[in-house]
1. Which one of the conditions (1) over 23 Å from residue 304 (Cα atoms); (2) surrounded by fewer than 19 Cβ atoms within 10 Å (Cβ to Cβ); (3) away from ligand 1 (no atom under 13 Å from the Cβ) does residue 15 fail to meet, given that it meets all the rest?
2. Here's a check for you: in segment 32-41, which residue that is within 23 Å of residue 334 (Cβ to Cβ) and within 14 Å of ligand 1 (Cβ to nearest atom) is surrounded by the fewest Cβ atoms within 10 Å (Cβ to Cβ)?
3. Using the structure shown, decide if residue 77 is assigned by TED's automatic domain parsing to the domain that holds residue 46, within 16 Å of ligand 1 (Cβ to nearest atom), within 19 Å of the chain's Cα centre (by Cα) and surrounded by fewer than 19 Cβ atoms within 10 Å (Cβ to Cβ).
4. Out of 368, 344, 328, 355, which single residue is in contact with a strand residue (DSSP E or B) (Cβ under 7 Å, 6 or more places away or on another chain), buried (at least 23 other Cβ atoms within 10 Å of the Cβ) and outside any strand (DSSP E or B)?
5. Go through 72, 98 for me and flag whichever is in contact with a helix residue (DSSP H, G or I) (Cβ under 8 Å, 6 or more places away or on another chain) and modelled with pLDDT of 95 or more.
6. I need the full set of residues from segment 128-187 which are modelled with pLDDT under 95 and on the phi > 0 side of the Ramachandran plot, in order please.
7. Would you tally the residues in segment 196-242 being part of a strand (DSSP E or B) and surrounded by fewer than 20 Cβ atoms within 10 Å (Cβ to Cβ)?
8. Just a yes or no: is a residue in segment 17-25 more than 12 Å from ligand 2 (Cβ to nearest atom) and without any contact (Cβ under 8 Å) to a residue 24 or more places away in the chain?
Ligand code: SF4
Ligand code: SF4
């Protein structure tokens, strides 16, 4: 995208920003960086100045534009309704066209082209988490036909800390009698990291492949444990089948009596992942699941639901600026500590990684769990 195209697509939106600054206290990056160029208002001013020819693209604009988490918290409180995150993702396309972007993104783009996953692993190993479920034959869930496809996503497929999430979800669906399949090596990255990197034109081939594989299986629904995959499929792919986040399916299974839950004695707080809550509108189902587990005392974070604070893992910031990501994660941990909960539950593998890693580094006495893990514990 060049500046002329950026102007056409973004000018009316960015011109809505009246510079009131209401969004500043809601932006986690601004809260840790404390500088205008790291705020939604500052980023919008940069977008506008670039469009108006008053500011050239540079290393400085790169730094500001690539430090946004894409969390959407600014829009939630903006009376003018400016969707800053969408403006920033378009700005990133412009930065890429001008060769002013974090070059680490090229590595990920290359991995996605060659191996179709973000970590450059052999894509045939996508289903290796199945080994965590003892007593299963190899590739047990890689069936040719099924009612439901479980789209696992790159992080939960390849990052050891998150592999228990698909293993747990598979266990629950098995127990609840869901006829599901995974695509194994035929599942390719959904393309979400490329959208955040300002390279959305590279998503098409991934999308076409995934859609074709879904058609081959003849599934009527797709379930996701990853909120970002869910969000990408819902907003970009828009297939002709039903889409569920895992929390929605779990809520339904519990209410239909397909799984029964025993008690867990814990004080739990729930962290709304940005792409599940604010960006996809799923707030209540994960809470319903937690409330269905006897013995759990659910305490809310000070900023919850639409006002939830990002864990620091969004918008490719962890890849581009891990220190900034860690400082946002620390802010999240401080908020969690204030609730007095012994356990924080989320419904996203990236939130799990970001919060658990920071809690471990800080030697914090906190259980960090995914919703699926809570359900499996209560099933046992
Ligand atoms: S983005 Fe919205 S809330 Fe923020 S300064 Fe602009 S108008 Fe105000
Ligand atoms: S999307 Fe999130 S990180 Fe980006 S400007 Fe808005 S509040 Fe800040």
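The values are calculated or read from the model by the stated rules, or taken from the named source; none is laboratory data. Here the structure is a predicted model, which is why all the values come from computation and not from measurement. Every residue, glycine as well, gets a Cβ built from its backbone with ideal geometry; the counts of neighbours run over all protein chains shown.
1. Condition not satisfied by residue 15: (3).
2. Taking segment 32-41 as the starting set, the residues that turn out to be within 23 Å of residue 334 (Cβ to Cβ) are 32-35, 38-40.
Cutting the leftovers down to within 14 Å of ligand 1 (Cβ to nearest atom) gives us 38-40.
On the way: 38: 21, 39: 25, 40: 27.
Among those residues, the one meeting the criterion is 38.
3. On the way: assigned by TED's automatic domain parsing to the domain that holds residue 46: yes; within 16 Å of ligand 1 (Cβ to nearest atom): yes; within 19 Å of the chain's Cα centre (by Cα): no; surrounded by fewer than 19 Cβ atoms within 10 Å (Cβ to Cβ): yes.
No, not satisfied.
4. On the way: 368 fails: outside any strand (DSSP E or B); 344 fails: outside any strand (DSSP E or B); 328 fails: in contact with a strand residue (DSSP E or B) (Cβ under 7 Å, 6 or more places away or on another chain).
355 is the lone residue from the list that is in contact with a strand residue (DSSP E or B) (Cβ under 7 Å, 6 or more places away or on another chain), buried (at least 23 other Cβ atoms within 10 Å of the Cβ) and outside any strand (DSSP E or B).
5. Numbers: 98 fails: in contact with a helix residue (DSSP H, G or I) (Cβ under 8 Å, 6 or more places away or on another chain).
Checking each option against the conditions leaves just 72.
6. 135, 139
7. Here is the first cut: in segment 196-242, the ones part of a strand (DSSP E or B) are 221-224, 242.
When the remaining residues are screened for being surrounded by fewer than 20 Cβ atoms within 10 Å (Cβ to Cβ), the result is 221, 242.
Residues that pass the stated criteria total 2.
8. Step one: filter segment 17-25 for residues more than 12 Å from ligand 2 (Cβ to nearest atom), giving 18-21.
Still in the running and without any contact (Cβ under 8 Å) to a residue 24 or more places away in the chain: 21.
Among the residues of segment 17-25, at least one is more than 12 Å from ligand 2 (Cβ to nearest atom) and without any contact (Cβ under 8 Å) to a residue 24 or more places away in the chain, which makes the answer yes.
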